[in-house]
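> Submitted below is the structure of interest, expressed as structure tokens.
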Amino acid sequence: MNNTASNDITGDGIKTKASSQAYRDGYDKAFSKPMDAAAIKSKYECIGSANSSAFKRPLGHWVRFNMNSRGTYELWCNHETRQYYNNYCD
């Protein structure tokens, strides 16, 4: 008795390849629960405030992860470099 799945038309066996690292990374990115502000603040490095004249935002993919109800305070993070910064707006 053959327990291997096969294509009904061609008769070829159906085989699944092992998952690649790119697949696992993409799966985690698509289906994992997003981190909340407290988790990011505790696990990521704060690189300062964007309102400082000395602040220069590094290159990379930055996403806003928190904003107050008036829109005058924002927190931005970069998940690749595990860094975040704040921005005050008037």
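The values are calculated or read from the model by the stated rules, or taken from the named source; none is laboratory data. In this text the structure is predicted, and so the values were computed from the model without any measurement. All Cβ positions, glycine included, derive from the backbone under ideal geometry; neighbour counts span all protein chains shown.
> State the number of residues belonging to region 54-90 that are touching a Ser or Thr at 6+ places or on another chain (Cβ under 8 Å), in contact (Cβ under 8 Å) with a residue 24 or more places away in the chain and not hydrophobic (A, V, I, L, M, F, W, C).
Matching residues across region 54-90 total 5.
> Mind checking which residues of region 75-90 are surrounded by 11 or more Cβ atoms within 10 Å (Cβ to Cβ) and either assigned to a loop (DSSP other than H, G, I, E, B) or modelled with pLDDT of 90 or more (or both)? Break it down into steps so the answer makes sense when it comes.
Of the residues in region 75-90, the ones surrounded by 11 or more Cβ atoms within 10 Å (Cβ to Cβ) are 75-79, 81-89.
Matches in region 75-90: 75, 76, 77, 78, 79, 81, 82, 83, 84, 85, 86, 89.
> Another question, then. Can you confirm whether residue 51 is in contact with a Phe, Trp or Tyr (Cβ under 6 Å, 6 or more places away or on another chain) and not in a strand (DSSP E or B)?
So residue 51 passes the test.
> Follow-up question, since we're still on this one. Suppose we filter 49, 19 for residues that are out of contact with any strand residue (DSSP E or B) (no Cβ under 9 Å at 6 or more places or on another chain) and at pLDDT below 90; which single one remains?
Sole residue among the options that is out of contact with any strand residue (DSSP E or B) (no Cβ under 9 Å at 6 or more places or on another chain) and at pLDDT below 90: 19.
> Restricting the first residue to region 28-48 and requiring it to be surrounded by 11 or more Cβ atoms within 10 Å (Cβ to Cβ), which pairs with a second residue that is assigned to a helix (DSSP H, G or I) and not acidic (Asp, Glu) meet a Cβ separation below 9 Å and a spacing of at least six or different chains?
Cβ pairs passing all conditions: 35/43.
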